[in-house]
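Single-structure report; data block below.
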Amino acid sequence: MLDKNGIAKRIAKEIKDGYYVNLGIGIPTLVANYIPNGVNVVLQSENGLLGMGPFPFEGEEDPDLINAGKQTITTLPGSSIFDSAMSFGMIRAQKIDLTILGAMEVSENGDIANWKIPGKMVKGMGGAMDLVASAKNIIVAMQHVNKAGESKLLPACTLPLTGVNCIKKVVTELGVFDILPEGGFKLLERAPGVTVEEIRNATAGKLYADNDVPEMIVD
């Protein structure tokens, strides 16, 4: 199965030349390190940056340059820095081609819960509610099961929702899944060394899988 960097590498293959892409907090931020050569994209950070580059090397960090998750980042030639009001204006005006988010749960209908666990302190929903309401295409990067070994791909989300019927694709350590218009997870690719049966056992939501699901290639 994949580690977090493997998930980010696989998702980076979904990014097309010329895209404007928003990277959420967590695994999605790692995608910036794996943009394929020859693919020109503009990464947007919702706190007010267009043209985000990969993470800096140790000792080269600039504490004034951070992403939405408070991690130090780099900028690329031609990047632009602005206030969060303009950033969310871009998001709400649907100027972002692809949004990559983390999640606590995703339902077989494409609902997402990624901002709150009842009883635990939370600083706020952040920008996720704007992104899921406005984005043209949303891919979720997440772990397939929680720390208790329980599936996070569910018939219906149990945690407070961030968005409804908005997720198009999910990439976990076990595989790549499309969410079908009629509901259900369609297994597109298996992680290296993972069987369809293992994925089926780890998925609580409705899963559709052919007998010859290909094994993904992660460079």
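Selection of first residues in segment 193-219 that are of a type in the set (Val, Ile, Thr) and of second residues that are open to solvent by 80 Å² or more (accessible area, probe 1.4 Å) and in a loop (DSSP other than H, G, I, E, B), restricted to Cβ pairs under 8 Å at least 6 apart or on distinct chains, gives the following pairs, ordered by first then second residue: 194/1; 196/211.
Which residues, taken from segment 100-137, are polar (S, T, N, Q) and modelled with pLDDT of 95 or more?
So in segment 100-137, the residues polar (S, T, N, Q) come out as 107, 109, 114, 134, 137.
Matches in segment 100-137: 107, 109.
Figure legend. Inter-residue proximity from segment 1-23: first residues of a type outside the set (Lys, Arg), second residues open to solvent by 80 Å² or more (accessible area, probe 1.4 Å) and in a loop (DSSP other than H, G, I, E, B), beta-carbon distance below 6 Å, spacing 6+ or different chains. Indicated pairs: 17/40. Among the conditions (1) surrounded by fewer than 17 Cβ atoms within 10 Å (Cβ to Cβ); (2) under 30 Å from residue 198 (Cα atoms); (3) in contact with a strand residue (DSSP E or B) (Cβ under 9 Å, 6 or more places away or on another chain); (4) of a type in the set (D, E, K, R), the only one that residue 16 does not satisfy is (2).
Within the span defined as segment 150-162, one or more residues are out of contact with any strand residue (DSSP E or B) (no Cβ under 9 Å at 6 or more places or on another chain) and either of a type in the set (S, T, N, Q) or surrounded by fewer than 21 Cβ atoms within 10 Å (Cβ to Cβ) (or both). Applying the condition of being among the charged types (D, E, K, R) and closer than 14 Å to residue 41 by Cα to segment 86-100 and asking which residue is surrounded by the fewest Cβ atoms within 10 Å (Cβ to Cβ) yields 95.
Do we find that residue 96 is of a type in the set (Val, Ile, Thr), in contact with a strand residue (DSSP E or B) (Cβ under 6 Å, 6 or more places away or on another chain) and part of a loop (DSSP other than H, G, I, E, B) in this structure? In short, yes. From the list 130, 111, 62, the lone residue that is among the charged types (D, E, K, R) and open to solvent by 40 Å² or more (accessible area, probe 1.4 Å) is 62.
The values are calculated or read from the model by the stated rules, or taken from the named source; none is laboratory data. Since the model is a prediction, treat every value here as computed from it, not as a measurement. Quick reminder, even Gly has a Cβ in these numbers, built from the backbone with ideal geometry, and neighbours come from all protein chains shown. Note: areas computed on protein heavy atoms with side chains; ligands, DNA, RNA excluded. Shrake-Rupley method; radii C 1.70, N 1.55, O 1.52, S 1.80 Å.
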